[in-house]
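Here is the structure we will look at.
The values are calculated or read from the model by the stated rules, or taken from the named source; none is laboratory data. Given the structure is predicted, the values throughout are model-derived calculations rather than measurements. All Cβ positions, glycine included, derive from the backbone under ideal geometry; neighbour counts span all protein chains shown.
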Amino acid sequence: MAEKTLPTFRGTPEQQQKLQEVIDRNKQLPGALLPVLHEAQEIYGYLPIEVQQAVADGLGVSLSEVYGVATFYSRFSLTPKGKHRISVCLGTACYVKGADKILAEVEKKLGIKSGECTEDGLFSIDSCRCVGACGLAPVMMIDEDVYGKLTPDQVDKIIDKYIAEEGGSN
Amino acid sequence: METVHLKINNIPVEVPKGYTILQAANKANIKIPTLCYLKDINCIGACRVCMVEAKNRRGLLAACVYPAEEGMEVLTNTPAVIKSRKTTLELLLSTHHKKCLSCVRNNNCELQRLAAEYGVDEDRFTSSEPVYEIDEQSPYIVRDNNKCVQCMRCVAACKNVQGISVIGAIKRGFSVHVGSAFDKSLNDSPCVGCGQCVVSCPVGALTEKSQEDKVWDAISDPEKQVVFYTAPSIKATLGESFDFPIGTNVEGKMAAAIRRLGEGVKVFNMDFTADLTILEEANELIERIQNGGKLPMFTSCCPGWVKFVEHYYPEFIPNLSSCKSPQGMFGAVLKSYYCEKNNIDPKNLFVVSVIPCTAKKFEATRPELRSNKEYDDVDVALTTRELARMIKRAGINLANLDDEDYDAPFNKATGGGAIFGSTGGVLEAALRTAARTLDGDFKKVDFDEVRGPEEVREVTYEVAGVKINVAVTSGLGNARKLLEKIKKGEADYQMVEIMACPGGCINGGGQPLQSDTVRNNVDYKALRAKAIYDYDLNCEYRCSDESPVIKMVYDEYFEAPGKEKAHKYLHTTYVQRDKYYK
């Protein structure tokens with residue numbers, strides 16, 4: 001079946017300890033799966049197979065049930081988030097101003113799709129619905145920085161700036 | 001009992017409180033169509049096919065989940081209801097890969113039947129192209145999600161009945177699909193292969209991995225000698241594929257039909273190796289009891305159950321009887337004893353077992369089962385459904401055939417072997433033989449206490465001063481409960497029989513498909529089981545040790561139960577498997 005290669009899981013013993021505490025605290029509650037997954041994502045930043053297995057084991061539910069819940073809610077992510085989180089607004093105003101082309105340009109530049117993370121862990125791309133800056137449409141956010149009135153040809157330069165800061169090349 | 005009174009299509013009905021509208025309608029003999037509902041397995045109100053109207057209530061109600069209420073006036077076939085059902089079906093068909101003519105479920109598909117009943121326009125909404133990769137990596141089940149209607153019956157069978165839950169709904173909205181965690185192939189998941197998902201599927205999304213072509217090739221290969229053997233339950237179910245009433249024993253016609261599949265094809269009776277299993281297993285049990293071996297001893301004839309232990313309860317592997325299953329034993333007997341006796345090169349003997357089971361397809365590929373490293377003992381394991389298709393393709397009219405016997409030398413067997421097909425049968429057959437071994441004067445043959453539909457049957461027997469505690473269950477959800485009980489030390493059994501499928505092999509994942517209309521209204525498992533027990537009653541021999549064929553193979557080849565040769569060919573080993581992956 002189509003399986004994506006995901007970045008190697010790098011969980012720490014501290015994270016594992018924290019997750020175990022969360023599981024122990026919730027284990028007896030009905031419907032514990034959802035709150036546990038929430039906290040697990042906060043601990044690890046995402047829900048890789050290793051974490052989902054630990055949750056399945058800890059709560060005594062099957063991995064396919066955990067996976068079903070994790071893929072149902074868009075809040076859960078199966079891929080890690082990058083050091084720099086790029087978020088392209090696809091809200092109505094941005095969309096009519098060509099936000100889809102901005103997103104396509106970002107995806108092309110980084111060689112990953114929305115929802116994914118680059119192999120080196122520097123960037124992840126997501127789309128969002130309205131950041132409340134419709135006057136600046138189309139809008140993209142990188143971490144806390146807002147870039148407005150974008151055109152596709154500006155994307156390259158903006159991302160290069162972050163790459164340069166990291167002292168590398170992409 | 002508190003009851004409620006309601007009217008359905010103006011017919012007054014009185015039903016116990018808590019009944020759904022669907023149950024109430026059934027009681028009044030009013031048919032409401034269903035798709036996702038499957039009695040005792042799935043009741044989630046998801047498909048919206050069972051919608052009905054009720055006076056003074058807004059909107060339509062899903063009859064399968066909506067409780068019947070006092071004074072309710074339900075209408076099941078108003079124009080609004082019909083239109084709603086029709087649109088629902090048309091929407092389902094918009095994402096359905098409509099290749100009906102080449103679909104294995106053609107003419108036996110619940111969606112197709114409903115579409116015909118409601119006169120749908122299959123092209124009303126734009127159809128989509130297939131988007132899902134077909135998962136055919138496992139040796140036993142194929143999943144084609146392009147035909148899935150997301151009724152979740154397979155998911156419910158896996159979770160609610162079997163308690164395994166290796167498949168579930170993934171994602172949501174238009175992207176929702178059924179599969180294993182992380183979209184892995186079923187082959188890489190801890191699936192036990194029972195096939196209860198397959199027999200629950202209303203459409204062609206789940207099928208067994210067909211191996212009919214391999215058998216046809218062997219039949220037309222002049223180098224190959226093709227031999228079939230049919231599992232104990234097949235005689236009681238094959239007829240259903242040829243419009244015989246459920247529970248008709250078609251043993252003689254079955255043997256005649258298989259023999260007509262091709263020149264030189266032989267057909268043997270697998271009840272014989274069920275008998276052989278009993279001899280070996282009874283011997284093993286007595287040995288374990290006398291030599292302080294691991295107890296309780298678990299039966300090992302059900303491959304779904306064996307794989308379940310290997311994945312989920314590896315600590316119990318030493319408890320599994322080392323006996324191969326009847327399928328495995330027959331393969332070994334044929335490729336050793338039979339080939340030697342008849343001067344056949346085992347590579348030219350093509351062994352086809354007909355089994356009620358998808359997990360047996362997996363079992364046939366187990367390397368531990370090979371008595372010789374170079375070839376599988378069982379070349380192909382065919383489900384009852386595949387055999388039926390082969391008979392049909394050969395243009396054989398089963399109903400018109402005269403009864404014929406199996407081929408010698410494996411033509412005779414006992415009632416003990418025959419009842420393997422139903423839950424409790426293996427244990428009962430073992431008790432029959434063990435009791436006679438321990439006490440030559442023991443007269444009891446019918447151990448009714450271990451039969452029946454109860455979830456778990458626990459009985460204590462006293463034979464020749466020895467107390468034997470036994471337990472029987474079927475369905476892996478029940479098996480899990482029993483294992484937990486043993487783990488906690490709350491039970492002290494000497495022998496436990498477990499079958500993965502509820503009711504045993506007569507309800508196996510490879511048996512003829514019965515649609516929801518039958519499954520929701522008829523106790524098909526009881527009818528099939530009755531055919532097996534009636535057969536047993538009429539057997540010349542009822543205890544496995546009485547079989548002349550058994551005597552012959554021990555005298556000529558295997559010496560005695562548990563002896564070196566018997567051990568080499570008739571016993572096997574198990575492997576621990578991962579709980580999350582293959």
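Can you name the number of the only condition in (1) under 18 Å from the mean Cα position of the chain (by Cα); (2) crowded, with 21+ Cβ neighbours inside 10 Å; (3) over 29 Å from A:Met141 (Cα atoms) that A:Glu50 fails?
The single condition A:Glu50 does not satisfy is (2).
Please go through (1) in contact with a Cys (Cβ under 7 Å, 6 or more places away or on another chain); (2) part of a helix (DSSP H, G or I) for A:Leu37 and return the number of the only condition it doesn't satisfy.
Every condition holds for A:Leu37 apart from (1).
Quick test for you: out of B:Arg85, B:Arg124, B:Arg105, B:Arg113, pick the one residue that is among the basic types (Lys, Arg), in a loop (DSSP other than H, G, I, E, B), farther than 22 Å from B:Gly304 by Cα and modelled with pLDDT of 95 or more.
So the residue among B:Arg85, B:Arg124, B:Arg105, B:Arg113 that is among the basic types (Lys, Arg), in a loop (DSSP other than H, G, I, E, B), farther than 22 Å from B:Gly304 by Cα and modelled with pLDDT of 95 or more is B:Arg105.
Just the residues that are at the interface with chain B (Cβ under 10 Å from one of its Cβ atoms) and part of a loop (DSSP other than H, G, I, E, B), please, taken from segment A:49-74.
A:Val61, A:Ser62, A:Tyr73, A:Ser74, listed by residue number.
Need pairs with beta-carbon distance below 6 Å; first residue more than 18 Å from B:Thr383 (Cβ to Cβ) and in contact (Cβ under 8 Å) with a residue 60 or more places away in the chain and within segment B:198-227, second surrounded by fewer than 24 Cβ atoms within 10 Å (Cβ to Cβ) and among the aromatic types (Phe, Trp, Tyr); sequence gap 6+ or separate chains.
What qualifies is B:Lys224/B:Phe350.
How about segment B:61-80: which of its residues are surrounded by fewer than 19 Cβ atoms within 10 Å (Cβ to Cβ) and either touching a strand residue (DSSP E or B) at 6+ places or on another chain (Cβ under 9 Å) or modelled with pLDDT under 95 (or both)?
B:Val65, B:Pro67, B:Glu69, B:Glu70, B:Gly71, B:Glu73, B:Leu75, B:Asn77, B:Thr78, B:Ala80
Looking at segment B:89-144, which of its residues are under 30 Å from B:Lys307 (Cα atoms) and within 14 Å of chain A (Cβ to nearest Cβ)?
Selection gives B:Tyr132, B:Glu133, B:Ile134, B:Asp135, B:Glu136, B:Gln137, B:Ser138, B:Ile141, B:Val142, B:Arg143, B:Asp144.
Considering only segment B:430-444, state which residues are modelled with pLDDT of 90 or more and touching a Lys or Arg at 6+ places or on another chain (Cβ under 9 Å).
Once the filter is applied, which keeps residues that are modelled with pLDDT of 90 or more and touching a Lys or Arg at 6+ places or on another chain (Cβ under 9 Å), segment B:430-444 yields B:Leu431, B:Arg432.
Report, by residue number, each residue of segment A:77-100 that is free of Cβ contacts under 8 Å to residues at least 40 places away in the same chain and not assigned by TED's automatic domain parsing to the domain that holds A:Met141.
A:Ser77
Of the residues that make up segment A:72-93, is at least one touching a strand residue (DSSP E or B) at 6+ places or on another chain (Cβ under 7 Å) and closer than 29 Å to B:Met152 by Cα?
Within segment A:72-93 (the criterion being touching a strand residue (DSSP E or B) at 6+ places or on another chain (Cβ under 7 Å) and closer than 29 Å to B:Met152 by Cα), the answer is yes, since at least one residue qualifies.
With under 22 Å from B:Arg385 (Cβ atoms), of a type in the set (Gly, Ala, Ser) and free of Cβ contacts under 8 Å to residues at least 60 places away in the same chain as the only criterion, which of B:Ser102, B:Ser128, B:Ser84 stands out?
From the options B:Ser102, B:Ser128, B:Ser84, the qualifying one is B:Ser102.
What pairs come out if I take residues in segment B:509-535 that are outside the structural domain of B:Gly421 (by TED's automatic domain parsing) and pair them with residues that are buried (at least 20 other Cβ atoms within 10 Å of the Cβ) whose C-beta lies under 6 Å away, six or more apart or interchain?
Short answer, once both residue conditions are applied: none.
Matching residues to (1) in contact with a strand residue (DSSP E or B) (Cβ under 9 Å, 6 or more places away or on another chain); (2) polar (S, T, N, Q):
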{"residue": "B:Leu320", "(1), (2)": "yes, no"}
{"residue": "B:Phe330", "(1), (2)": "yes, no"}
{"residue": "B:Tyr337", "(1), (2)": "no, no"}
{"residue": "B:Ser353", "(1), (2)": "yes, yes"}
{"residue": "B:Lys360", "(1), (2)": "yes, no"}
{"residue": "B:Ala364", "(1), (2)": "yes, no"}
{"residue": "B:Asp379", "(1), (2)": "yes, no"}
{"residue": "B:Leu382", "(1), (2)": "yes, no"}
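For segment B:278-312, name all the residues that are surrounded by fewer than 19 Cβ atoms within 10 Å (Cβ to Cβ) and touching a strand residue (DSSP E or B) at 6+ places or on another chain (Cβ under 6 Å).
Across segment B:278-312, the qualifying residue is only B:Arg288.
Just to confirm my filter: which strands (runs of 3 or more DSSP E) fall fully inside segment B:155-214 and include at least 3 residues that are more than 9 Å from chain A (Cβ to nearest Cβ)?
So the answer is B:206-208.
Among (1) assigned to a loop (DSSP other than H, G, I, E, B); (2) more than 14 Å from chain B (Cβ to nearest Cβ); (3) more than 27 Å from B:Gly173 (Cα to Cα), which single condition is A:Pro30 missing?
(3)
Testing B:Lys27 on (1) surrounded by fewer than 18 Cβ atoms within 10 Å (Cβ to Cβ); (2) under 28 Å from the mean Cα position of the chain (by Cα); (3) of a type in the set (Lys, Arg), one condition comes back false. Which one is that?
(2)
What residue, of B:Lys159, B:Lys171, is farther than 21 Å from B:Trp305 by Cα, touching a Gly at 6+ places or on another chain (Cβ under 9 Å), surrounded by fewer than 24 Cβ atoms within 10 Å (Cβ to Cβ) and without any contact (Cβ under 8 Å) to a residue 12 or more places away in the chain?
Sole residue among the options that is farther than 21 Å from B:Trp305 by Cα, touching a Gly at 6+ places or on another chain (Cβ under 9 Å), surrounded by fewer than 24 Cβ atoms within 10 Å (Cβ to Cβ) and without any contact (Cβ under 8 Å) to a residue 12 or more places away in the chain: B:Lys171.
When segment B:561-574 is examined, which residues are found to be touching a residue at least 40 places away in the same chain (Cβ under 8 Å) and either touching a Ser or Thr at 6+ places or on another chain (Cβ under 6 Å) or outside any helix (DSSP H, G or I) (or both)?
B:Pro561, B:Gly562, B:Tyr569, B:His571, B:Thr572, B:Thr573, B:Tyr574
Does B:Asp40 satisfy being outside any helix (DSSP H, G or I), in the same structural domain as B:Cys148 (by TED's automatic domain parsing), at pLDDT below 95 and under 28 Å from B:Lys147 (Cα atoms)?
No: the conditions fail for B:Asp40.
Within segment A:134-170, take every residue that is surrounded by 13 or more Cβ atoms within 10 Å (Cβ to Cβ) and without any contact (Cβ under 8 Å) to a residue 40 or more places away in the chain and give me the one that is nearest to A:Thr92 (Cα to Cα).
A:Leu136
When you scan segment B:175-191, do you find a residue that is crowded, with 24+ Cβ neighbours inside 10 Å and acidic (Asp, Glu), even just one?
Within segment B:175-191, none of the residues are crowded, with 24+ Cβ neighbours inside 10 Å and acidic (Asp, Glu).
Among the residues of segment B:49-59, are any touching a residue at least 40 places away in the same chain (Cβ under 8 Å) and surrounded by fewer than 22 Cβ atoms within 10 Å (Cβ to Cβ)?
no
Looking at (1) without any contact (Cβ under 8 Å) to a residue 60 or more places away in the chain; (2) in contact with a Cys (Cβ under 7 Å, 6 or more places away or on another chain); (3) closer than 22 Å to B:Val199 by Cα, which is the one condition that is false for B:Ala46?
(1)
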